[in-house]
Amino acid sequence: MLVAPPQSVAELMERGIQLSGRLVSDVAADLDWQVPADLRRAKGFIGRLLETALGAPEGNAQAPDFPALGVELKTIPIRADGRPVESTWVTRASLHDAAEQRWESSAVHAKLRCVLWIPVLTEPGVPPADRRIGSPLLWRPDSVEEAMLRRDWHDLMERILHGELADLDAKVGDALQLRPKGATAQERTHAVDIDGRPVMAQARGFYLRASFTRGVLLRGFGLAERSTSATVSP
Amino acid sequence: MVRPVNSSPTHGRIRQLDPAVANQIAAGEVVERPSSVVKELIENSLDAGATQITIRLQEGGRVGIQIIDDGHGMGPSDAHLAFARHATSKIVDADELMRIGTYGFRGEALASILSVARVVLCTRRADDELGVRLEGAGGCELTARAVSCPVGTDLRIDDLFFNVPARQKFLRTAATELGHIIRLIDAVALAHPGLRLELTQGGRRICLYPAVEGLAERAAAVFGDEVAPHLYGVTGAEDYAVDGQLSAPSTHRGSATGLIFLVDGRPVRDRTLQHAVVQAYGALLSSRRFPVGVLRLRCPPGTVDVNVHPAKTEVRFVSSQAVHRAVGRAVRGMLIDTPWVEREVVGERSAPYDLHTPSPASAPRAPRASVRRPSGVSNRTNSPPHATWRGGDAPRQPDRASTSPAALAPSSLGAAGLVPTATPRSYAPTPSPLIDDEFGVSAREVPAQTGWSGRMCDLRYVGQVGRRCLVFDDGDAMVLIDQHAAHERVLLDRFVAAFQTGGFPRQRMLIPRVVPLGPTASAALLAQPELTAPLGFELAPAGERAVMVRAFPDVLRLNQVDEEIRRLASLVLNGDKDGTADARDAGDEADAGDTTEAHDKTEARDEGETAAARLARAAATLACHAAVRAGEIVTAAWVDGLMPSLAGVDLAAYCPHGRPALSRLPLDDIGRLLDPS
C-alpha cells in the first residue's frame, strides 16, 4: 500500500500523531508488511516502515527523507524512562574530499536542519511487533545545538582531512561522532592517509550521540525542567 | 345529554354556598397552619407601626396564639370592619397592587382566621380613653364591649380549626409547628432589625430579639455564635438594591433553610434568588450544600408583584434576569472582597497553650452584637481595619513574565524544615483574565474591589512550616497560606482562563500511554472530547477496553495520568462527584450488566448537568490533584512563582472547594499569646 507524500509539515505532523501510541504490528498490518521477529537481520525495518506509513518518497541517501518539506525522519528507540537505546545514524561520511566540504552544504547539516523524531519504545524482551510508537517531535536545532554540531563536524572533518582515521574513534565529538556503520562494517571506501596518499579505509558514518538525542527529546517534550523537580519522570 | 342519576327534576345540583362555608374554604388558602396565622398577624402589627411585638403560643399555636403589639390600634368601627372579608385600610384600587407599601392588603386574614378559630381582640388607639374588645368564633357575629387596655392591639386565637376537623388532622406536632413559627420569627427579625420581637410558649421564652440598629447585629443574633463569625456583608446597588449577610463558603448546610430572602421586607421563597446565590458561590460550595444567611432585595416600584398567592410568600419579578444578575454580582462581590479569614487565636487554643491563654476577663472578646462588621473590617477593636493596611489600595501591577507555567512547577525537593528567604519580597499580582467565569459573572463587571491584591503585594515571605503552610509577614500580622489550597486556586484559575483560549497547556507523551478501562467507560470517555480536550488531554482509541493518552495537562505528573483518566471516565459514566469510583470497575459492571441502561444513565446525567458545569467540576478536581500537596517542601523560588498568580485571582482566600486557604493572625493576638499579662 502506498501512502501519498504529505503536502505540508503540519500534515506530516498530524500523520505522526495518528501513528503515535500504535504498535509496530498495527502499522505493518495497515501496509501489509510482515514484521521480522529479529531486527538484527533487518536493521532499519522500523525506520522504513514509518517512512512508508508517513508517505516518504523514495529518495537519495544525502537528502532529507521528505525533500519537498526539508524534513528528515528519524526513528529513535527509547526505554520507558525516555533514554535513547543507541546512537542515531545520520549519514555516511565522505572520507576522500574533506577539503571540499562545508558545513552549510554538508549532508549532515542537510539531514539535521529539520528532523521529525519518532521515538519507539524498545524494551528488552519485547518483540519488534509489540513495540509502541511514540509521539512525533519536529526538531530544528537551536543555536546552542547548531553550534555544537558544527563544532563537532569541523573537528571530525579536520581529522579526516589530515588522514587521522586510525586515531579517530567514537569518543571524539560531544554531539556528533564518527564510527563504522554497523550493517556495513566491512565495507571499504576511498580515504586519505596521514601523508595525504589515497587509501582504502573502513567506511564510516556520522552518528548523533544518545546523550545528545536524549537532551533533544527532553527539551522537545518539555521534560527538562519537569525532571529537575523530581516529580516527573518521562 | 346525560342526566345525573340522583338529580332532582326540580332543583339543580349547583347551589350557592353558605357564606360561613365559603369563608372556611377561603381560609384554607390564607390560614394553612399556626405559623400562617402568626405571619398574618405580625404583618398587621407591622402595618400598624408596631415597634414591639410579643407572640405567645400554646402547643406550637395549635391550642392558642396571642400577638401583642404597640401599634396604633383601631377604633371600634375599624375593629369591627377588620373582620369583614376584603375589608382593608391598605389599598383602594388595583393600581396600587404593584406599589404596595404595606405587608397586608388583601383584607382576608382576620376574616379567614375568625372563620376557623375562636378570636378575642382588644385594641385601643392612643387618643381613645377606652379600647374595644371583640370576641367571636367560627365566623359568627362578633360581640363587642368597651375595655380598658394598653395602646396597640392584643389578638388571641384559640382552638385553631376547631370547626374544621379535617384541617385539624393535618396539623403536625407542637414541636413541628413551633419550628415553623420560629423560622418565621427569625425572618421577620431579619427584615426589621429595629423591631423588638419576643416569642414564648407555655410561659417559657423561646427567643427574644431586642431592637438593634443594623442587619449585621440582627443576623448575628438570629444565626447564633456558630455561624455569626463567618457571616460577611453583601451589598449591591443596581436597579435592585441588594444587601445582606451571607456565610463564608466554609459555613454551609445541607438544605436552603438557612438561607432567608426578604423582598421589600417580606420573607419569600423564590427560586430565582436562591439560584442566583448558589450560582455565585459556584464551585466554592459542594453540590447540594447551601450558604447560610439573609439577603434583602429592595425593588423599584412596579417591578415586583407580591399578589401571587394569598400567603404572600411568593413574588413574581418583572425581570427575573435582572434580579438574578443583581444578586449574583452582589454575592460574588462579597466573596471576592472578603478574602481574609481571621482566626480567633486568643481563647481558642487548646491544651498546650492554655496556660498562656488570657482569661475571658483579661481578653474580652467582642460582644456578639458587635461580632458582625462591614465587609472586610475586623471585628476586633484592637485590630487595625483593612483600610489602614499598607498598600491596601495599591494598583495592580501586571507582571505576566513571572507567571509562566514553569514558575508554578512544584518545588525543587530536598531542603527540610523552615525554608527562609534571604530578602523581603513583595508580589505584584497577575491580573485574573477578564473572562466570563464559570459562574456566569464577568470579572470585568464585578465592581472594583478593595485592596486584596494590594495586601498580597505587601506580604513578605518568611518560610514554610510543617511542609504545609507558607508563612508571611504583612507588617501588622502573620499571614498563613495553605500551600495546597493556594496552588489549587491558581491552577483552577489557569484552567478557567485556558478554557477561553482553546484549552489548557498540554504535555505530549513521549510514548503515548494506554490506560485500561472498561469498554463502556472507554467509549464514553472518547465520546467526550469537549470535556477532555479543554483540560489538556488528547485521547485516542486503544482497542475496546482502553484509551490511549497522547497528551495530558502540563500541571499533572506522569504518574497521576492513569488515575485522572479513570476519574474522568467515572465522571462521564457515573457523574461521580469526586470521581472516586474506579471507572474500570464501573465500566466493567456496566458492561457486565445492561450496557444500554448504562448509556441511558449517562444520557440522563448529561441532561441534568450542563457540559460547562461538568467541565468546571472536572477542572476543579484536576487542579486539586495537580496542586502541590501538604508534605511537600517548596522553595522560596516556587513561592515567588505562586504569589503573583495568587494575588491576581479572585477568591484567592478559598480553595476551589470553599475551604479557607489563608488566615491572618494579628500581631496583637500573637502578643497576647506570648505575654498574657
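The values are calculated or read from the model by the stated rules, or taken from the named source; none is laboratory data. Not measured: the values here are computed from a predicted model. Every residue, glycine among them, receives a Cβ derived from its backbone with ideal geometry; neighbour counts consider all protein chains shown. Ligands, DNA and RNA are stripped out before the accessible areas are found, and what is left, the full protein with its side chains, is counted by its heavy atoms. Shrake-Rupley method; radii C 1.70, N 1.55, O 1.52, S 1.80 Å.
What do you reckon, is residue A:130 at negative phi, within 14 Å of another protein chain (Cβ to nearest Cβ) and open to solvent by 60 Å² or more (accessible area, probe 1.4 Å)? Working first, answer last.
Numbers: at negative phi: yes; within 14 Å of another protein chain (Cβ to nearest Cβ): yes; open to solvent by 60 Å² or more (accessible area, probe 1.4 Å): yes.
Yes: the conditions hold for residue A:130.
Regarding residue A:176, is this residue surrounded by 17 or more Cβ atoms within 10 Å (Cβ to Cβ), within 13 Å of another protein chain (Cβ to nearest Cβ) and either modelled with pLDDT under 90 or touching a strand residue (DSSP E or B) at 6+ places or on another chain (Cβ under 7 Å) (or both)? Taking the combined requirement at face value, the residue does not satisfy it. For region B:496-527, residues that are open to solvent by 40 Å² or more (accessible area, probe 1.4 Å), among the hydrophobic types (A, V, I, L, M, F, W, C) and at pLDDT 90 or above total 4.
As a summary of the residue check, residue B:544 satisfies the conditions (1) within 26 Å of residue B:610 (Cα to Cα); (2) over 36 Å from the mean Cα position of the chain (by Cα) except for the one numbered (1). Please indicate, with yes or no, whether at least one residue in region B:528-537 is on the phi > 0 side of the Ramachandran plot and modelled with pLDDT under 85. No, region B:528-537 contains no residue that is on the phi > 0 side of the Ramachandran plot and modelled with pLDDT under 85.
Failed condition for residue B:535, given (1) surrounded by 20 or more Cβ atoms within 10 Å (Cβ to Cβ); (2) more than 33 Å from the chain's Cα centre (by Cα); (3) not basic (Lys, Arg), with all others met? Unmet condition: (2). When A:94, A:135, A:105 are screened for being in a loop (DSSP other than H, G, I, E, B) and within 14 Å of chain B (Cβ to nearest Cβ), only A:135 passes.
Of the residues making up region B:665-677, those that are closer than 26 Å to residue B:232 by Cβ and either crowded, with 24+ Cβ neighbours inside 10 Å or among the acidic types (Asp, Glu) (or both) number 2. If you filter region B:523-553 down to residues that are within 12 Å of chain A (Cβ to nearest Cβ) and among the small types (Gly, Ala, Ser), you find that the one that is farthest from residue B:620 (Cα to Cα) is B:543. For region B:525-560, the set of residues classified as closer than 20 Å to residue A:136 by Cβ and acidic (Asp, Glu) consists of B:538, B:554, listed by residue number. With a requirement of 2 or more residues that are touching an Asp or Glu at 6+ places or on another chain (Cβ under 6 Å), crowded, with 21+ Cβ neighbours inside 10 Å and not hydrophobic (A, V, I, L, M, F, W, C), the strands (runs of 3 or more DSSP E) lying completely within region B:123-214 that satisfy it span B:152-158.
Got a number for residues in region A:66-87 being within 14 Å of chain B (Cβ to nearest Cβ), among the β-branched types (Val, Ile, Thr) and part of a strand (DSSP E or B)? Of the residues in region A:66-87, 3 are within 14 Å of chain B (Cβ to nearest Cβ), among the β-branched types (Val, Ile, Thr) and part of a strand (DSSP E or B). For the criterion of being outside any helix (DSSP H, G or I) and under 23 Å from residue A:124 (Cβ atoms), residue A:58 fails. Whether any residue in region B:283-298 is at positive phi and crowded, with 23+ Cβ neighbours inside 10 Å is what I want to check. There is at least one residue in region B:283-298 that is at positive phi and crowded, with 23+ Cβ neighbours inside 10 Å. For residue B:486, the criteria (1) under 27 Å from residue B:635 (Cβ atoms); (2) within 14 Å of another protein chain (Cβ to nearest Cβ); (3) open to solvent by less than 10 Å² (accessible area, probe 1.4 Å) hold in every case but one, which is (2). Screening residue A:120 on (1) within 12 Å of chain B (Cβ to nearest Cβ); (2) open to solvent by 40 Å² or more (accessible area, probe 1.4 Å); (3) at pLDDT 90 or above shows it passes everything except condition (2).
Quick grid of which residues meet (1) farther than 24 Å from residue B:118 by Cα; (2) without any contact (Cβ under 8 Å) to a residue 40 or more places away in the chain:
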| residue | (1), (2) |
| --- | --- |
| B:152 | no, no |
| B:160 | no, no |
| B:165 | no, yes |
| B:172 | no, no |
| B:177 | no, no |
| B:185 | no, no |
| B:190 | yes, no |
| B:218 | yes, yes |
| B:222 | yes, no |
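Would you please list the contacts, defined by Cβ atoms under 6 Å and residues six or more apart or on different chains, that run from a residue in region B:507-522 that is away from chain A (no Cβ under 11 Å) to a residue that is charged (D, E, K, R) and buried (at least 24 other Cβ atoms within 10 Å of the Cβ)? Sorted first by the residue in region B:507-522, then by its partner, the list stays empty. The residue of region B:246-257 that is surrounded by the most Cβ atoms within 10 Å (Cβ to Cβ), among those that are touching a Phe, Trp or Tyr at 6+ places or on another chain (Cβ under 7 Å) and not in a loop (DSSP other than H, G, I, E, B), is B:246.
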